[in-house]
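Single-structure report; data block below.
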Amino acid sequence: QVQLQESGGGLVQPGGSLTLPCAASGRPFSINAMHWYRQAPGKQREWVATITGGGSTNYAASAKGRFTIFKDNAKNTVYLQMNSLTPEDTAVYYCHTVRDGIPYWGKGTQVTVSS
């Protein structure tokens with residue numbers, strides 16, 4: 001059983017930064033890929049970034065160069081650092097993993113970019 005808990009969302013001005021932690025409970029996730037997704041109002045959920053068990057990272061085009069995914073295995077936590085935020089980044093952000101073929105999602109954290 002895995003539980004994912006996102007936090008760190010909030011209201012930020014355009015050009016600002018936020019870092020979103022996702023804490024995982026249960027067995028250590030160090031060998032699993034972890035992902036961040038987001039869902040904007042009226043839009044489908046979209047993939048944002050992935051970090052593999054080995055630490056390799058991959059980003060959606062919209063996130064590349066602005067967002068950084070990293071993890072702390074000792075804390076069983078994955079992070080999404082977001083810089084140069086724009087109103088188009090406004091969404092609920094979710095972390096996600098698959099373990100033993102079972103998908104797990106957190107409940108999400110709201111990020112609103114507005115002046």
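The values are calculated or read from the model by the stated rules, or taken from the named source; none is laboratory data. Keep in mind that this is a model prediction, so the values were computed, not measured. We place every Cβ from the backbone using ideal geometry, glycine too, and count neighbours over all the protein chains shown. Heavy atoms of the whole protein, side chains included, go into the accessibility calculation; ligands, DNA and RNA do not. Shrake-Rupley method; radii C 1.70, N 1.55, O 1.52, S 1.80 Å.
Restricting ALA23, ALA74, ALA61 to residues that are open to solvent by 40 Å² or more (accessible area, probe 1.4 Å), in contact with a helix residue (DSSP H, G or I) (Cβ under 9 Å, 6 or more places away or on another chain) and either assigned to a strand (DSSP E or B) or not charged (D, E, K, R) (or both) narrows the list to ALA23. Of all residues in region 2-20, those being assigned to a loop (DSSP other than H, G, I, E, B) and either in contact with a Phe, Trp or Tyr (Cβ under 9 Å, 6 or more places away or on another chain) or β-branched (Val, Ile, Thr) (or both) number 3. When the test is whether a residue is farther than 26 Å from ILE102 by Cα and either outside any loop (DSSP other than H, G, I, E, B) or modelled with pLDDT under 95 (or both), PRO41 passes it. Within region 1-20, can you find the residues that are open to solvent by 50 Å² or more (accessible area, probe 1.4 Å) and under 22 Å from ILE102 (Cβ atoms)? Within region 1-20, GLN1, GLN3, GLN5 qualify.
Of all the numbered requirements in (1) within 21 Å of GLY16 (Cα to Cα); (2) open to solvent by 70 Å² or more (accessible area, probe 1.4 Å); (3) touching a strand residue (DSSP E or B) at 6+ places or on another chain (Cβ under 9 Å), ILE69 misses one, and that requirement is (2).
Scanning region 93-112 for residues that are part of a loop (DSSP other than H, G, I, E, B), loosely packed, with under 13 Cβ neighbours inside 10 Å and in contact (Cβ under 8 Å) with a residue 60 or more places away in the chain turns up just one, LYS107. Only one of the numbered conditions (1) crowded, with 19+ Cβ neighbours inside 10 Å; (2) closer than 14 Å to GLN81 by Cα; (3) touching a residue at least 24 places away in the same chain (Cβ under 8 Å); (4) not basic (Lys, Arg) is not met by PHE29, and that is (2).
For first residues located in region 62-75 and free of Cβ contacts under 8 Å to residues at least 60 places away in the same chain, partners that are of a type in the set (S, T, N, Q) and lie 6+ apart or on another chain with Cβ distances below 6 Å form the pairs ARG66/ASN83; ARG66/SER84; THR68/GLN81; ILE69/THR57; ASN73/SER30. With respect to GLN81, is the statement that it is in a strand (DSSP E or B), open to solvent by 50 Å² or more (accessible area, probe 1.4 Å) and either hydroxyl-bearing (Ser, Thr, Tyr) or modelled with pLDDT of 95 or more (or both) true? Yes: the conditions hold for GLN81.
Within the span defined as region 57-74, every residue fails to be of a type in the set (D, E, K, R) and within 13 Å of VAL92 (Cα to Cα).
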